[in-house]
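Note sheet for the following structure.
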Amino acid sequence: MSDIHHINLAGLDLNLLVVFDALMTEQNVTRAAGRLGLSQPATSNALARLRNLMEDELFIRTATGLRPTPKANALATQLRPALQQIQSALLDEPNFEPATSDRIFAIGMSDYVEFILLPKLIQTLQAIAPKISLQIRTGERQKLLSLLDKGEIDIACGLFQEKSQWHKQQFLFHEIYSCVCRSNHPDIGNDLSLEDYLRQSHLLVSIQEDRIGRVDTLLAQKNLQRHIALSIPHFLTAPFILAQSNLIATLPQRVAKAFSHSQSLKLLPVPVLLEGFSVFMRWHQSTENLPACQWLRTLVSEVSTTV
């Protein structure tokens, strides 16, 4: 079986690599064709040429679409950063001037990170780069990393445990948790024991839209459990629900503090040993040396020191 490095690049139609990338992204010939502005027969023909070139099926038809073969996955890992680097080199401004640029930056972040970073970030932008626009894309961790790999966002800000050889990252800030409930909660005074905590009905914020949080994993290790009365996917709904119910929640402290006065909430220490979390900024290595992206990363990093 021939390897990609044995192929004569001079005789290779590089458009085939663009088709391959679209097929990896869409895993469907019709959608890949639409993404590229090609006809379905032209895309199918390109796939046939790719299979012949690589001496591998690359994509296997299943009931849900095309499934990449191991060789296709290995090729995509090496190919996608190279394609993004070419695209970025062609599109990026050679001399980036933030004060006059009207560039639109795309940033991926959860609603929690939006709440913490965006007010100060946009305030700073209006002062030093008033024509620049931001497009925020949201979602859970894997979705944001996928958007980063597809080149659909310039940076992603969030909680990223997974390492990747084609991503770079930088620490932004650390957060801790607080237990939160309404100030006049009938069963909770100025302190909260573990027994009191477990007796209450809880609100869980789960971006994955499930019913198991970090607290539940810790409790399960002690053969304990709490009653999740409500699970929601967004942090910023939680303070308003807590203010009008007897539910309690374990929330990032910055969110809880921001709403404590307007929603008449009280914050208490969490009665389990719950570690905080760190928020990082990630970017694709293909944008590492692009002046515009370097400027954006520096700005986000500076703003993060003030939150």
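Descriptive notes on the structure:
- Dipole magnitude of the range 134-236, debye to nearest 20 (Cβ charges: Lys/Arg +1, Asp/Glu -1, about Cα centre): 180
- One decimal place: the segment Ser133-Thr62 gains 21.5 nm when fully extended, by the rule 0.36 nm per residue minus the C-alpha distance.
- Shape class of the range 112-184 from the Cα gyration tensor (axes a ≥ b ≥ c, square roots of the eigenvalues): oblate, since a/c reaches 1.5 or more and a/b does not exceed b/c.
- In the range 27-80, taking the dipole from charged Cβ atoms about the Cα centre, the farthest positive-side position among Ala32, Leu47, Ala74 is held by Ala32.
- Based on DSSP H segments of at least four residues, each scored -39500 (n - 2.57), the chain has a per-residue ellipticity at 222 nm of -12500 deg cm²/dmol.
- Ordering Leu251, Cys181, Gln208 by the projection of their Cα atoms onto the charge dipole of the chain, which places +1 on the Cβ of Lys and Arg and -1 on the Cβ of Asp and Glu, puts Cys181 at the extreme positive end.
- Assuming charge only on the beta carbon of Lys and Arg (+1) and of Asp and Glu (-1), the dipole of the range 177-275 about its Cα centre is about 160 debye to the nearest 20.
- The packing ranking of peptides 295-302, 104-111, 18-25, highest mean first, is 18-25, 104-111, 295-302, where packing means the average number of other beta carbon atoms within 10 angstrom of each residue.
- Gain on full stretching of the segment that runs from Asn246 to Gln142 - 0.36 nm per residue minus C-alpha separation: 34.1 nm
- A full extension of the chain between Leu267 and Ser44 corresponds to an added length of 74.4 nm, given 0.36 nm per residue minus the alpha carbon distance.
- For the chain, the spread of Cα coordinates along the three principal axes comes to 76, 50, 30 Å, biggest extent given first.
- Packing rank of 62-74, 203-215, where each peptide gets the mean count of other beta carbons within 10 Å, highest leading: 203-215, 62-74
Every number in this text was worked out from the coordinates using simple rules, so none of it is lab data. This structure is a prediction, so every number in the text was calculated from the model and none was measured. Note that each Cβ is placed from the backbone with ideal geometry, even for glycine, and that neighbours are counted across all protein chains shown.
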